[in-house]
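Only one structure is covered here, and it is reproduced in the block below.
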There are 4 protein chains.
Amino acid sequence: MKFSFKNDYSEGCHPNILQALLEHNTDQQAGYGEDQYSLQAKELIKQKIKKSDAEVYLVSGGTQANLIVISSLLRPYQCTISASTGHILNNETGAIEATGHKILSIEKEDGKLTPADIIPVLENHKNIPHQVMPKLVYISNSTELGTVYTLKELEELSKFCKENHLFLFMDGARMGHGLTSEISDLTLEKVAELTDVFYLGGTKNGALIGEAIVINNQELQQDFAFNIKQKGALLAKGRLLGIQFLELMKNDLYFDLAKHANQQAMKIKNAMKERGVQFLSDTYTNQIFPILSNELIQKLTEKFDFYVWKKIDENFSAIRLITSWNTNDEPVNEFIEIIKTEL
Amino acid sequence: MKFSFKNDYSEGCHPNILQALLEHNTDQQAGYGEDQYSLQAKELIKQKIKKSDAEVYLVSGGTQANLIVISSLLRPYQCTISASTGHILNNETGAIEATGHKILSIEKEDGKLTPADIIPVLENHKNIPHQVMPKLVYISNSTELGTVYTLKELEELSKFCKENHLFLFMDGARMGHGLTSEISDLTLEKVAELTDVFYLGGTKNGALIGEAIVINNQELQQDFAFNIKQKGALLAKGRLLGIQFLELMKNDLYFDLAKHANQQAMKIKNAMKERGVQFLSDTYTNQIFPILSNELIQKLTEKFDFYVWKKIDENFSAIRLITSWNTNDEPVNEFIEIIKTEL
Amino acid sequence: MKFSFKNDYSEGCHPNILQALLEHNTDQQAGYGEDQYSLQAKELIKQKIKKSDAEVYLVSGGTQANLIVISSLLRPYQCTISASTGHILNNETGAIEATGHKILSIEKEDGKLTPADIIPVLENHKNIPHQVMPKLVYISNSTELGTVYTLKELEELSKFCKENHLFLFMDGARMGHGLTSEISDLTLEKVAELTDVFYLGGTKNGALIGEAIVINNQELQQDFAFNIKQKGALLAKGRLLGIQFLELMKNDLYFDLAKHANQQAMKIKNAMKERGVQFLSDTYTNQIFPILSNELIQKLTEKFDFYVWKKIDENFSAIRLITSWNTNDEPVNEFIEIIKTEL
Amino acid sequence: MKFSFKNDYSEGCHPNILQALLEHNTDQQAGYGEDQYSLQAKELIKQKIKKSDAEVYLVSGGTQANLIVISSLLRPYQCTISASTGHILNNETGAIEATGHKILSIEKEDGKLTPADIIPVLENHKNIPHQVMPKLVYISNSTELGTVYTLKELEELSKFCKENHLFLFMDGARMGHGLTSEISDLTLEKVAELTDVFYLGGTKNGALIGEAIVINNQELQQDFAFNIKQKGALLAKGRLLGIQFLELMKNDLYFDLAKHANQQAMKIKNAMKERGVQFLSDTYTNQIFPILSNELIQKLTEKFDFYVWKKIDENFSAIRLITSWNTNDEPVNEFIEIIKTEL
């Protein structure tokens, strides 16, 4: 079987998690997130962000987190702003619209939003009450393209949102990868300080399932649990989520796993750069988009699975390679070896 | 710590499941339900119901299954009929209405619906187009009160629904307990034959999470997967659901676990009956509702956790006891001992 | 053609309205409710209720008013409480649920809600977050059965709602008839003082279309216009609504018309009472429900149209008679004549 | 007061309509669209399009018509395709998304869609089930920019939609203006033949309110009335809509009114063209977008109301002028006089 660089959710979960599931398996626990593991995991997350007044909710996946957060924050006539690359725009089967809310798309090549991007959208939505009211800015870090926000960028965006009465919501399906990128100067604590809501993605970083929604803005915390139950996201055995996040948060395993994934991607990227390979975008997380000849792609396909992302011209295409918490050196080295041999 | 008879989702999962999760942990698998375990589990379920043309979808929990099925089947102006005890009516935070659909409630003490119950509802909804159109009958087996449908009852209901162009949907959160009840003459194969859609509940029968939605009516199968993704229920690591149902379906483990839970409840029930205890309803599954003196309830509370369900009079109340796949003899015997001593 | 006592919307509109439509027909006016007639009509209504800080919105019909108000006031997990006779429960094709909100029904023979009715509903909705949160109490005056609230009843209900953080919303599709009933001690000013939102129904009281939504609670006023536009209720030619309410509000025409309708109904009622006729409910507005022999009903049917409302026994049924702003003496006297002759 | 060229809904309605309202005012009629005027109007429309099997529904306004049609036709996971200029995208406060459906926007300068525009959208939505399913193509005629579809264009689009299992829905808020444009070779009969659903707009063509939805595709007719009631669009006094469409349809008054509006706009356009004025788009209906110097715009503003549509450069801007069924020669000539004097 070929090794897959298709995504970061191909394998099961970090062994510590399975170990903990085994160890606590026969404990009787309260249901619906009131188990001791969930309570401890939430506490650990609040300590990590140094915000004892934050509220944490554990749900199963990213689309679920996005639709619950957005539908909970907005009034019926309010809408979300997203970069055109946003996961909510392209890959969630209209989940946000299904809750009644429009998403306004802003064309962005790098997947990141700035105040300058948002200003014209606000300007174009002043025909009250004939247009939806922009109220929430959705960003992701790392983005769907593997890029990351710097501290300064997030500070500026956060300030802008506050001034314009917009909620700022960060999709953190790949938060670990974003924050442990070698070029990131952002910390989880700063993310919590600068956003109204964010989530810590477990699914793409070593958990079986699980995203931890963190509501920093206290005005948005009230009654949030109702929304989770109503959307079918409140697991009877909340322990499954609690145990996983407890393990991931302990000793910063979460960040170690993400850093490992990033590093494996960077090894491949650097080897390619040395051979003069160009990239679709200059990323420093676990997603890279090298531009290769169709011939070389064909050769790589014999041993590896990955997505051909975009045709560049008759002879060249960009591919997408994603490494995970569990991508070890062997396939990485083998991949690099082929590059070195062929280029 | 006291032993809990509060529900059947207090513990983790059957050891076989953890074992399989461990064994397959580092396999790379396709995401979103295309993993080999999910495919095999679905195949096993179809074999079990002897319907190769059924479609099976694995989701996380019962509320999620209910809201996806109902919102997928109904047009905007159509509604659901449910017994007044229905989980969708009382315990799902308006999840069905949140998808736009009314639920018409029929007052029933035993939690079961018959054609005679439904006829007046249809009669009272003929003021077209000023009223919602009843289109789906929601039932559960075993019911929220622990009662079960007989084959004859389900046949009559199924026939009635077909004649009246109503979809019949069985919530099987406790399907295992319903079908392995000592008084049940219903089989899973018959359930598949007589309903349009049903699901097999894993969460309350030995899985960590998971309900297997089975769509028997081919006209309802088209495009169903879109609804699962849109409602945030499509797990990236579908393997978590696949592995669990694969283990539960193998050698009928699913039914063995449910039968065990039922038997433990029956032991307690029979011991009580011998001492003349009355019950709120005469159940033969893993839920029993004995009526005890407040004094005895107080005494039991010292060693056990359970819900006091309903006040009967000044001195007596009904309690609810639920046993699980993992309730072993020790707490059952200890509980019975107290009964025998005190009564 | 037979004279119809079927409802109060069989005829066109009061001649003053047509006269005003003619007179102002070629004036150019701003669209979407910014025309001078709408602005004046809103001002008149605010003067009438002596609340300069109220906000008034004109929409086309009752179902529209109900769904806009309720969906605007509630968060996704909140629900409405209604008497079982409520128009929103039975006659609006699930319009409220279609906006995502459950309605909890309270069985009431007289169509009116009291604090004592609501208390058990609140008691039974404390399993947070597994149940919807009751947040709005929907009442109508006059009710769907023709009954009316007294000042004391409304004061008690209003106080109770405030204490329990429930919004109080009065459907006033027949507000005129309710307030001008000979047994009503309630005034529009008091209604405005004691409810969060109400509306003045035009459609059933001499307008072609039109209900005037009045938001008394200032916290609920913000951005309300967006909801009206989003639900398709903002007429481009708002002048049609403005002119009608301007005419109805002038010199209390609105109340004169309702009083006339009530009086015509009372004439028939009193004539019947004199002959010993029983009534399904003792109403003092423009709806009456006399219980007559099937023979007499048959005889009346030869000359009049009306609904046979409810079978009482083999020989008797209740019928519903509704009079309107335009029901003049002739058919009323003719109807009474038959009663006097036959009984 | 200045004469307004701001829109085509500034005045009341055609005198014939008021006359008919007066004449039939005291007739008692069945409610909710069952009145004889509505029945006759629907019949006339079906005769006009030569489709006896079409179904016609009368509603109040365009946003209402759009949201009812689209939400009725689509399943929850399906979406609409619209030109970027579409009214549903920009001017309806997210009404379509509020019913749960995404709109995919295609950038178009002329407001018209072709198969070539739609093909890439279909290509980009093949990641099943992670993306919404495009299912309905929304077009308007005349468009929001005053442009029109030719017969050939509509035939090609219709064929393409059929081949790709897409519903074709034409927003006809300005259908009259579109079909009576001097460059249009399309007829209402052809529109009915080539679309699944369209509507005839009354509000912008001489009615007080009213759009006549015509469902040509028989598969889409079933139960449609439920949707109208549920969305609050079923008027109790349907006679108001019936009488209006009856008058508009008689002797093609509808088309005469639209043609008049178009002609008045063309007079102004031609006068400007003679003086070398450029236009933002070359329209032949009742909307024109001349590019004038800010100085001239200032001068015109002294006597006329209109929208300044778009800044072209420091000295020039495009304005929008709209004429209506009731725009008579006097203001048109006066406007032209100024143009002739100043240019």
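The values are calculated or read from the model by the stated rules, or taken from the named source; none is laboratory data. Remember, it's a predicted structure, so these values are computed and weren't measured experimentally. Neighbour counts run over all protein chains shown; Cβ positions are idealised from the backbone, glycine included. Please note that ligands, DNA and RNA were not included when accessible areas were found on the heavy atoms of the full protein model with its side chains. Shrake-Rupley method; radii C 1.70, N 1.55, O 1.52, S 1.80 Å.
Listed values, structure above:
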| item | result |
| --- | --- |
| GNM result for chain C, Cα springs below 10 Å: residue of C:324, C:71, C:140 fluctuating most strongly | C:71 |
| Cα-based equivalent ellipsoid of the range B:224-281: semi-axis lengths in Å, sorted from largest, via gyration tensor | 39, 17, 7 |
| Whole-angstrom Cα spans of the range C:247-321 along principal axes, big to small | 49, 23, 18 |
| Top of C:54, C:212, C:236 by mean-square fluctuation, Gaussian network on chain C, Cα under 10 Å | C:236 |
| For residue D:298, label point 7 Å along C-beta direction: distances to other copies, nm | 6.9, 8.6, 9.2 |
| Stokes-Einstein D in µm²/s, Kirkwood radius over Cα pairs - the range B:112-256 at 20 °C with 1.002 mPa s viscosity | 129 µm²/s |
| Which listed pairs, of A:2/B:50; D:48/D:152; B:6/B:48, have C-alpha distances above 24 Å, in listed order | A:2/B:50; B:6/B:48 |
| Integer Hz, Karplus 6.51/-1.76/1.60 couplings in order for the range C:302-310, x for Gly and Pro | 5, 10, 9, 9, 6, 8, 7, 8, 7 |
| Estimated translational D of the range C:156-203 in µm²/s (Stokes, Kirkwood radius over Cα pairs; 4 °C; 1.567 mPa s) | 114 µm²/s |
| All aspartates and glutamates inside 14 Å of residue C:340 as judged from Cα atoms, apart from same-chain residues fewer than 8 positions distant | C:274 |
| Förster-model FRET efficiency, 56 Å R0, residue D:221 and residue A:26, C-beta, rounded to 0.05 | 0.40 |
| Spatial separation of Cα centroids for the range C:99-148 and the range D:218-257, in angstrom | 35 Å |
| Rounded to the nearest 10 Å², the accessible area of residue B:133 at probe 1.4 Å | 40 Å² |
| Binned Cα-Cα distance frequencies in the range D:152-238 - 5 Å width, integer % | 3, 13, 19, 23, 19, 13, 7, 3, 0 |
| Largest-first principal axis extents of the Cα set of the range C:206-253 (Å) | 31, 25, 13 |
| Cα-based Lys pair tally, the range A:217-276, threshold under 17 Å, eight or more apart or on separate chains | 4 |
| Accessible solvent surface per residue of the protein assembly as shown, calculated while the other protein chains remain in place, 1.4 angstrom probe, Å² | 36 Å² |
| Per-selection metrics, the range B:16-60 (Cα): Rg and Dmax in Å | 12.0, 33 |
| Teacher prompt: residue B:1 distances to equivalent labels in other copies, 7 Å Cα→Cβ, nm | 3.5, 7.7, 7.7 |
| Length-normalised contact order for chain A - Cα pairs under 8 Å, 6+ apart - percent | 24 percent |
| Theoretical ellipticity at 222 nm over the protein assembly as shown - DSSP helices of four or more residues, -39500 (n - 2.57) apiece, nearest 500 | -11500 deg cm²/dmol |
| Gaussian network model of chain B, Cα within-10 Å springs - most flexible of B:117, B:223, B:185 | B:223 |
| Cubic angstrom per residue, convex hull over Cα atoms of the range D:46-170 | 125 Å³ |
| Whole-Å semi-axes of the ellipsoid equivalent to the range D:2-103 (Cα gyration tensor, √5λ, descending) | 30, 22, 13 |
| Set B:102/D:108; B:135/C:299; B:51/B:159 screened for pairs whose C-alpha atoms are more than 31 Å apart | B:102/D:108; B:135/C:299 |
| Long-range tail of P(r) for the protein assembly as shown (Cα pairs > 47 Å, %) | 42 percent |
| Residue mean of other protein chain beta carbons inside 10 Å, D:2-10 | 4 |
| Of every Cα-Cα pair in the range C:116-162, the percent that sits beyond 14 Å | 60 percent |
| Estimated inter-spin distance, residue D:273 and residue D:305, nm [label 7 Å along Cα→Cβ] | 3.0 nm |
| Pseudo-label separations to other copies for residue A:282 - Cα-to-Cβ vector, 7 Å, nm | 4.7, 8.0, 8.7 |
| Mean shadow area of the range D:15-253, taken as a quarter of the surface of its Cα convex hull (nm²) | 12.6 nm² |
| Probe 1.4 Å - accessible area at residue A:309, Å² to nearest ten | 110 Å² |
